[in-house]
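The values are calculated or read from the model by the stated rules, or taken from the named source; none is laboratory data. The structure presented is a predicted model; accordingly, all values stated were derived computationally and were not measured. Because the Cβ atoms are built from the backbone with ideal geometry, glycine has one as well, and the counts that use them run over all protein chains shown. Keep in mind that these areas ignore ligands, DNA and RNA; they rest on the heavy atoms of the full protein, side chains included. Shrake-Rupley method; radii C 1.70, N 1.55, O 1.52, S 1.80 Å.
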Amino acid sequence: MSLEIPWVEKYRPKTFNDIVSQSIAINNLKKFVQNTNIPHLIFTGPAGTGKTSTALIIARHFLKKEELDTNLLELNASDTVRIDFVRNVLKNFVNQSLFKDGSLKFIVLDEADNIPGQVQQALRRIIEKTSNNIKFILLCNYINKIIDPIISRCAVFRFVSLPKEKIIERLKYISEEEKLKIPSEKREEFFKHLFFISGGDLRKAINTLQMSVALELLENLDLNEILKISGFLDVGTLENLITAIKNKDFIKSKEIIRLIETLDSRNFIRQISEVLPSLNIAPVNIINLKTYIGDIDYRISQGADEFIQISALLAMIIENVQS
Ligand SMILES: Nc1ncnc2c1ncn2[C@@H]1O[C@H](COP(=O)(O)OP(=O)(O)OP(=O)(O)O)[C@@H](O)[C@H]1O
Ligand SMILES: [Mg+2]
């Protein structure tokens, strides 16, 4: 078995029909691509749901193989944070096309929501001025971070996080193609764990599957090991933590967290959110806690100390547990 090509690339959808879910976006796009007069596009939605894949399918739909190098420009956020880069490289690419025949050109801007406001303004002017044969496809996780004048020049398509059965179906397909030997008694449980780890992100699901194979975890299929290497608490640790929380033992719960070597705070937040209903907490307080969890998640994303934030969260949960 070859592990050289990442499976996310090997199994990247090549046609609209390979795209799992996203039927609203895909059905409309299929109609759009029937003529060359398509608008600029924005694909927005969570990670690993097919945005980049779909953008490439569209470019390939209109471009001949030999045009892919010349007529398709893919940029990501690290390219586009610099205004001079946007001005020079984009303008060059855009202007070049004026000399060509009417063939289409595509500019795919990945992580467009990370482009600073000022650069977005420059981008907007470039978009305004480009001729009809240049098509922008902007990809982002959060559309609210894109300035209105850009949004209003594009057709927006929303990609949704993939449901459990679709993710599992795709993983099963890949497992069959790769002829993986998964112990049958743990098979379903294995795929359920992969889905949990993925949180609806098919890229993550596929990567975790490939990693499990690379680390030779399939044979004895230790699901706890897979959870741990993916930055989640194994079942035993999670149970200990739940017990400490139920006993309202803050010191103990903090200690459990402190001892985890590979704590991934955002994964932890997701895991703890899922067990909230099993704790003895009044429904109204669960709602409040979820709001608080959102704040904590935001603070961590902004660089706050993870251990302090997680400790604060544990304290808040314990306070709400009824004894
Ligand atoms: N809807 C989907 N159908 C089939 N495969 C998918 C889908 N979404 C994701 N994948 C798989 O995950 C990989 C990553 O998908 P893609 O790059 O299109 O995600 P993305 O939405 O652009 O994510 P990001 O926001 O992180 O850039 C693909 O190569 C493919 O293997
Ligand atoms: Mg992408």
- If you line up the long axis of helix 202-214 against the longest principal axis of the chain, both from Cα atoms, how many degrees apart are they, to the nearest 10? 60
- Can you list the residues, at least 5 places off or on another chain, whose amide H is less than 5 Å from the amide H of Phe157, using H built in the peptide plane? Ile42, Phe43, Thr44
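About the Cα centre of the chain, how large is the charge dipole given +1 on each Lys and Arg Cβ and -1 on each Asp and Glu Cβ? Please answer in debye to the nearest 20.
Details: 42 positive and 40 negative charges, 275 e Å.
So the dipole magnitude of the chain works out to roughly 1320 debye.
Based on the Cα atoms of the chain, what semi-axes does the equivalent ellipsoid have, where each is the square root of 5 times one gyration tensor eigenvalue, given in whole Å with the largest first?
On the way: eigenvalues 351, 131, 54 Å².
Semi-axes from the Cα gyration tensor: 42, 26, 16 Å.
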- Simple spin-label estimate for Val89 and His40 in nanometres, 7 Å along Cα-Cβ: 1.7
- Item | Computed lengthening from Thr291 to Gln96, 0.36 nm per intervening residue step minus Cα-Cα distance | 65.2 nm
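I'd like the Kirkwood hydrodynamic radius of segment 235-320, using the inverse of the mean 1/r over distinct C-alpha pairs, in Å.
Values: mean 1/r = 0.0775 Å⁻¹.
Evaluated over segment 235-320, this radius sits at 12.9 Å.
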- If you roll a 1.4 Å probe over the chain with all protein chains in place, what percent of the accessible area is carbon or sulfur? 50
- Quick one: among Val108, Val284, Val160, which has the greatest mean-square fluctuation in a GNM of the chain with alpha-carbon springs under 10 angstrom? Val284
- Sparse-neighbourhood loop hits (chymotrypsin sites (Phe, Trp or Tyr not before Pro), segment 88-166; DSSP loop; Cβ within 10 Å at most 15 others) -> Tyr142
- Item | Area projected by the alpha carbon convex hull of segment 11-124, averaged over all directions, nm² | 7.7
- Query: Where is the GNM fluctuation largest for the chain (alpha-carbon springs, 10 angstrom cutoff): Asp69, Asp79, Asp264?
  - Reply: Asp69
- Query: Based on the Cβ-Cβ distance from Lys192 to Lys129, what FRET efficiency comes out when R0 is 56 Å, to the nearest 0.05?
  - Reply: 0.65
- Which ³J(HN,Hα) values, rounded to whole Hz and listed in residue order, are derived for segment 71-77 from phi using the Karplus coefficients 6.51, -1.76 and 1.60 in 6.51 cos²θ - 1.76 cosθ + 1.60 with θ = phi - 60°, glycine and proline given as x? 9, 10, 10, 10, 10, 10, 4
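Taking a 1.4 Å probe, which of Val275, Val81 shows the most accessible area, and what order do the others take after it?
Numbers: Val275 20, Val81 70 Å².
I get Val81, Val275, largest accessible area first.
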- Against the longest alpha carbon principal axis of the chain, how many degrees, from 0 to 90 and to the nearest 10, is the axis of helix 117-129 turned? 30
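On average over all directions, what projected area in square nanometres does segment 1-78 have, based on the convex hull of its Cα atoms? Walk me through the intermediate numbers first.
Numbers: hull surface 27.9 nm².
Over every viewing direction, the Cα hull of segment 1-78 projects on average to 7.0 nm².
Largest first and in whole Å, give the semi-axes of segment 179-226's equivalent ellipsoid, each being the square root of 5 times a Cα gyration tensor eigenvalue.
On the way: eigenvalues 53, 27, 17 Å².
Over the Cα atoms of segment 179-226, the semi-axes work out to 16, 12, 9 Å.
Would you kindly state the longest site-free stretch of the chain, with sites defined as GluC sites (Glu not before Pro) in a DSSP loop (not H, G, I, E, B) surrounded by at most 13 other Cβ atoms within 10 Å? Numbers along the way, then the final one.
Values: sites that count: Glu4, Glu216, Glu219, Glu261.
Between exposed loop sites, the widest span is 5-215.
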- Query: Relative contact order (percent) for segment 235-320, with alpha-carbon contacts under 8 angstrom and 6 or more residues of separation?
  - Reply: 39
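What is the calculated FRET efficiency for Leu263 to Ala47, with r their C-beta to C-beta distance and R₀ = 22 Å, to the nearest 0.05? Numbers along the way, then the final one.
Numbers: r = 21 Å, r/R0 = 0.94.
It comes to 0.60.
Summing +1 for each Lys or Arg and -1 for each Asp or Glu, what net charge is found among the other residues whose Cβ lies under 15 Å from the Cβ of Ala122? Could the numbers behind the result be given before it?
Numbers: positive: Arg82, Arg87, Lys91, Arg124, Arg125, Lys129, Arg153; negative: Asp79, Asp84, Glu128.
Local net charge: +4.
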- Tilt relative to the chain, helix 283-301 - C-alpha long axis, 0 to 90 degrees, to 10: 60
- Task: Output the relative contact order of the chain, whole-number percent, from Cα pairs under 8 angstrom with separation of 6+ residues.
- Result: 17
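Considering only protein heavy atoms, what per residue accessible area in square angstrom results for the chain with a 1.4 angstrom probe?
Numbers: 16850 Å² over 323 residues.
Roughly 52 Å² per residue, with all protein chains present.
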- Task: Counting only C-alpha contacts under 8 Å and six or more residues apart, can you give the relative contact order of segment 138-236 as a whole percent?
- Result: 26
